1. Hey, can you tell me all the residues within region 165-199 that are farther than 17 Å from Phe58 by Cα and either touching a Pro at 6+ places or on another chain (Cβ under 8 Å) or within 10 Å of the ligand (Cβ to nearest atom) (or both)?
2. If you take the residues in region 200-216 that are surrounded by fewer than 16 Cβ atoms within 10 Å (Cβ to Cβ) and in a loop (DSSP other than H, G, I, E, B), which one is farthest from the ligand (Cβ to nearest atom)?
3. Would you pick out the residues in region 62-74 that are touching a Phe, Trp or Tyr at 6+ places or on another chain (Cβ under 9 Å) and either more than 17 Å from Glu26 (Cα to Cα) or part of a strand (DSSP E or B) (or both)?
4. Among the numbered conditions (1) crowded, with 19+ Cβ neighbours inside 10 Å; (2) of a type outside the set (Val, Ile, Thr); (3) touching a residue at least 40 places away in the same chain (Cβ under 8 Å); (4) closer than 21 Å to Ala17 by Cα, tell me where Leu87 comes up short.
5. Can you tell me which of (1) farther than 24 Å from Met205 by Cβ; (2) assigned to a loop (DSSP other than H, G, I, E, B); (3) in contact with an Asp or Glu (Cβ under 9 Å, 6 or more places away or on another chain) is the one Arg15 doesn't meet?
6. Return the residues of region 224-242 that are over 30 Å from Leu13 (Cβ atoms) and surrounded by fewer than 23 Cβ atoms within 10 Å (Cβ to Cβ); say none if nothing qualifies.
7. Within region 94-124, which residues are closer than 25 Å to Ala17 by Cα and of a type in the set (A, V, I, L, M)?
8. If you check every pair at least six apart or on different chains, which have Cβ atoms under 6 Å apart with a residue in region 137-162 that is crowded, with 19+ Cβ neighbours inside 10 Å first and a residue that is of a type outside the set (A, V, I, L, M) and assigned to a helix (DSSP H, G or I) second?
Amino acid sequence: MPVTIKSPREIELMRQAGKILAKVHEALGKELKPGMSTLDIDRLGEDMIRSFGCEPSFKNYQGYPASICVSVNEEVVHGIPSKDRILAEGDIVSLDAGVIYRGYHSDAARTHGIGEISDEARLLIERTRQSFFVGMQYAAAGHHLHEISKAIGDYAESFGYGVVRDLCGHGIGSHLHEEPEIPNFRQFRRGIKLRPGMTLAVEPMINLGAADVVWMDDDWTVVTEDMSLSAHYENTILITEGGPEILTLTDAEIAEGIWQKQGSEERKH
Ligand code: CO
């Protein structure tokens, strides 16, 4: 299937899907505390998604059994919520969620610290988020897709982190996963030319140690092979003639001005 260009009507629905998902992430982030189970997070998230009149897009996707992927510490992505997995002070937890609003998907992930976390964990989370925004400097019509990939990967590797090779971002729209695949590291080819109306889920997954990951026996949970911590940051974006429109930023991130800050950095060059 080719990369699709969304119509103004589709773009509006994706904006709505994005806004709702941002609210879900913002609310879930505030609920996290030591002692809660990863299943508690899934229940809260699913209820919230449905209360907005949306469907949780991950539920039953290729057999995935929950609405929110909850991945703790060395788990990279696709952790399966469980009543027996209890969050503790010092853990880091990646929440990945998707919603379907009137047939259109949004997909976003955030990594949070539980209570006090180590400096190395905090920096990993911050730099993983920052790698996304570094990539966004190339997420505009006329650039090539792999300029985003290279920018993300080079930034993360500059800290000695391992950039996960085995999982990628993706196009998104009326399906959760559409063309193109979006790697988070330098490619040999330059990739497709970006055009206004493309909608993409860009999602760096960055390890404190080596890049290698393995799949657990549940066939879902991806963990770092060396058991080092891993962070994930994902947004659904719209390509325009100018910079990207980031559809899943939380109100806190908008207030913080993270994307505007990045824009002004770029203008200085
Ligand atoms: Co995704």
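1. Looking only at region 165-199, we keep the residues that are farther than 17 Å from Phe58 by Cα, and these are 165-166, 179-199.
Listed by number, the residues that qualify are Arg165, Glu179, Ile182, Asn184, Gly191, Ile192.
2. Restricting attention to region 200-216, the residues satisfying the condition of being surrounded by fewer than 16 Cβ atoms within 10 Å (Cβ to Cβ) are 210, 212, 214-216.
Checking which are in a loop (DSSP other than H, G, I, E, B) leaves us with 210, 212, 216.
Details: Ala210: 23, Asp212: 21, Met216: 19 Å.
Among them, the one singled out is Ala210.
3. The initial filter retains those residues of region 62-74 that are touching a Phe, Trp or Tyr at 6+ places or on another chain (Cβ under 9 Å), namely 63-69.
Result: Gly63, Tyr64, Pro65, Ala66, Ile68, Cys69.
4. The failed condition is (4).
5. (2) is the only condition that Arg15 fails.
6. Within region 224-242, Glu225, Asp226, Met227, Ser228 qualify.
7. From region 94-124, those closer than 25 Å to Ala17 by Cα are 94-112; that's our starting set.
The answer is Leu95, Ala97, Val99, Ile100, Ala108, Ala109.
8. Close Cβ pairs (under 6 Å, with a partner that is of a type outside the set (A, V, I, L, M) and assigned to a helix (DSSP H, G or I)) amount to Tyr138/Glu147; Ile148/Gly135; Ala151/Gly135; Ile152/Ser131; Ile152/Gly135; Tyr155/Ser131; Ala156/Ser131.
We did not get these values from a lab; they are worked out from the coordinates using the rules stated. Treat the numbers as computed from the prediction; the structure is a model and nothing was measured. Counting neighbours? That spans all protein chains shown, and the Cβs are built from the backbone with ideal geometry, glycine included.
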